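A.B. asks: One structure, pasted below without further comment.
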Amino acid sequence: MPGLLSEEDKSAKGIAKNSKLYSFDIFDTLVTRRVAQPVGIFSVIEEKIKHDKKYVDLPEFLKANFAFIRQQTEAYVRRNLFVLLKREDITIYDIYDEIQKNNFLTDIQKQALINLEQDVEINNLVLIKNNFNILLSLINNGNRVILISDMYYPLDIMRYILSSLSPIFENIKIYISADYNKTKNSGTLFEFVQRAENIEAKDWIHYGDNKFADIKNASKAGITSIHLPQLKFKKYEIEVLKKHKNNLQIQNMLGAGRLCRIDNTENNEIYDFACTFSAPILYGYVNWVIFKAIEQNIKTLHFVARDGFVLKEIADIIIQKYKLNIKTKYIYGSRKAWRIPDENNMDFYIDCIMSEYKSSLNGDFIAKRFGIRY
């Protein structure tokens, strides 16, 4: 590879013959977003510009359709610049230049949207702890570590965003496709980094989540690649995202479930099911109950043992987060105490008993359930 140092040059520069280079992909390897998909960030931005008075002067069509416009504009710019200029990658400025042109924005409005996207990224990024700990361990043991990413953010924005998560990112060397017009996806960014870092491919180990860009292309260049796969969505989650990818509530709900599962190191299927299926249903129900109570000026909600225990926990979190003026209490009571038959519900009451306990139905059982002698 042209530009590599000879063994004599390495010796003269104090570079050990056996020195290793460790590189990490960034998004979905070291960090991930709170939303289910990267496009969910655009739905967050859309929600903000719709309701924040700071963006009141933006065109109404842009505010109402920002998530869709942002996605389509990026796709168009990528195709257009590749065809016209053979550009391998684009920058966030390329994207917003096109949005500005199509929506007649001022330079101030354009920059406000770019700044907002940065802030939304910062507020929605979280570390993938297990993978980040690998990075920390390598750095703490004195190894040479760099980051490589196919991303439209240039270095200054990328470092600003990452440094909000950990000071370890303040000084680490970062190679971004947007800065060099070279990508891992084409393999050219690996070639560029190899020359820049003066490293033999056999002495380089790369970690990433993308099977093609991070694994296949790195291996093709002779680099040892280690796959750190993304956590996959459940089949029913994928179907929901296909239909509602620009729905912010869906993005937040499925993103939260995925983050819970990422932190679940025990690979517990029951826990995973609760995160992705039970929790969204229970949260939605409790949230509805709370705001119905507020509408009716109800100041205290009572949750009955035992079925109400988890529901009360959810309610307390919602109330605390939104600082609502409503209290909750947990009370003990048997199901029998809440199922009192009278002339208005007798038929329904009997139907419930018949369907629920038909396998054990007899005179003694019915008498006991009704609290009468037999």
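A.B. asks: Amide H neighbours of residue 173 under 5 Å, counting only residues 5+ apart in sequence or on other chains, H built in-plane at 1.01 Å?
C.D. replies: Those lying under 5 Å, H to H, from residue 173 are 147.
A.B. asks: Report the dimensions of the chain along its three principal axes from the alpha-carbon atoms, largest first, rounded to Å.
C.D. replies: In descending order, the Cα extents are 101, 53, 35 Å.
A.B. asks: Using modelled amide H (1.01 Å from N, peptide plane; none on Pro or chain starts), what sits under 5 Å from the amide H of residue 225, excluding residues fewer than 5 places away?
C.D. replies: So residue 225 has HN proximity to 206.
A.B. asks: Right, here's the next one. Work through the residues other than residue 26 whose Cβ is under 13 Å from its Cβ and net out their charges, Lys, Arg +1 and Asp, Glu -1.
C.D. replies: Result for the neighbourhood of residue 26: -2.
A.B. asks: Around residue 289, under 15 Å between beta carbons, what's the net of Lys plus Arg minus Asp minus Glu among the other residues?
C.D. replies: Spelling it out: positives minus negatives among the neighbours equals +1.
A.B. asks: Moving to a separate point now. Could you compute the net charge surrounding residue 88? Neighbours are other residues with a C-beta less than 14 Å from the C-beta of residue 88; K and R count +1, D and E count -1.
C.D. replies: Here the charged neighbours net out to +1.
A.B. asks: Would you mind working out the magnitude of the charge dipole of region 235-347 relative to its Cα centre, with +1 at each Lys and Arg C-beta and -1 at each Asp and Glu C-beta, to the nearest 20 Debye?
C.D. replies: Here region 235-347 has a charge dipole of around 360 debye.
A.B. asks: Taking Cα centroids, how far is region 155-180 from region 71-118 in Å?
C.D. replies: Computed from Cα coordinates, the inter-centre distance equals 21 Å.
A.B. asks: As I understand it, the dipole of the chain uses +1 on the Cβ of Lys and Arg and -1 on the Cβ of Asp and Glu, about the Cα centre. Which of 130, 152, 274 lies farthest toward its positive end?
C.D. replies: Positive-end residue among those listed: 274.
A.B. asks: Shifting gears a bit: Say we join alpha carbon atoms closer than 10 Å with springs in a Gaussian network model of the chain; which of 94, 57, 364 then has the biggest fluctuation?
C.D. replies: 364
A.B. asks: So what is the calculated 222 nm ellipticity per residue for the chain, using -39500 (n - 2.57) for each DSSP H run with n of 4 or more, over all residues, to the nearest 500 deg cm²/dmol?
C.D. replies: Taken over the chain, the calculation gives -16000 deg cm²/dmol.
A.B. asks: Could I ask something else about it? Please give the helix 107-124 orientation as an angle from the longest Cα principal axis of the chain, in degrees from 0 to 90, rounded to the nearest 10.
C.D. replies: Around 60 degrees separate the two axes.
A.B. asks: I'd like the carbon and sulfur percentage of the solvent accessible area for the chain, probe radius 1.4 Å, heavy atoms only, ligands and nucleic acids excluded.
C.D. replies: 54 percent
A.B. asks: Still on this structure, I have one more. Using θ = phi - 60° and the Karplus curve 6.51 cos²θ - 1.76 cosθ + 1.60, what whole-Hz ³J(HN,Hα) does each residue of region 286-301 get, with Gly and Pro shown as x?
C.D. replies: Result, rounded to whole Hz: 5, 4, 5, 4, 4, 6, 5, 5, 5, 4, 9, 6, 7, 9, 9, 10.
A.B. asks: Assigning unit charges at the beta carbon (Lys, Arg +1; Asp, Glu -1) and nothing else, what dipole magnitude in debye, to the nearest 20, does region 93-147 show about its Cα centre?
C.D. replies: For region 93-147, the charge dipole is close to 360 debye.
A.B. asks: If you don't mind, another one. List the residues whose amide H sits under 5 Å from the amide H of residue 144, counting only those 5 or more places along or on another chain, with H placed 1.01 Å from N in the peptide plane.
C.D. replies: It is 20, 22, by chain and number.
A.B. asks: Here's something else I'd like to know. Might you list the cysteines of the chain that have no disulfide-compatible partner by the rule of another cysteine's Cβ under 4.7 Å?
C.D. replies: If one checks each Cβ against the other cysteines of the chain, 352 turn up with nothing under 4.7 Å.
A.B. asks: Could you size up the charge dipole of region 166-267 around its Cα centre, putting +1 on the beta carbon of Lys and Arg and -1 on that of Asp and Glu, and report it in debye to the nearest 20?
C.D. replies: That gives a dipole near 580 debye.
A.B. asks: Rolling a 1.4 angstrom probe over the protein heavy atoms, how many square angstrom per residue are accessible across the chain?
C.D. replies: Counting only protein heavy atoms, the per-residue value for the chain is 59 Å².
A.B. asks: Against the longest alpha carbon principal axis of the chain, how many degrees, from 0 to 90 and to the nearest 10, is the axis of helix 66-85 turned?
C.D. replies: That helix lies at roughly 20 degrees to the long axis.
A.B. asks: Lys/Arg Cβ at +1, Asp/Glu Cβ at -1, dipole of the chain taken about the Cα centre: which of 58, 345, 262 is farthest positive-ward?
C.D. replies: 345
The values are calculated or read from the model by the stated rules, or taken from the named source; none is laboratory data. Everything quoted here is computed from the prediction, not taken from an experiment. Glycine also receives a Cβ, built like all others from the backbone with ideal geometry; neighbour counts cover every protein chain displayed. Please note that ligands, DNA and RNA were not included when accessible areas were found on the heavy atoms of the full protein model with its side chains. Shrake-Rupley method; radii C 1.70, N 1.55, O 1.52, S 1.80 Å.
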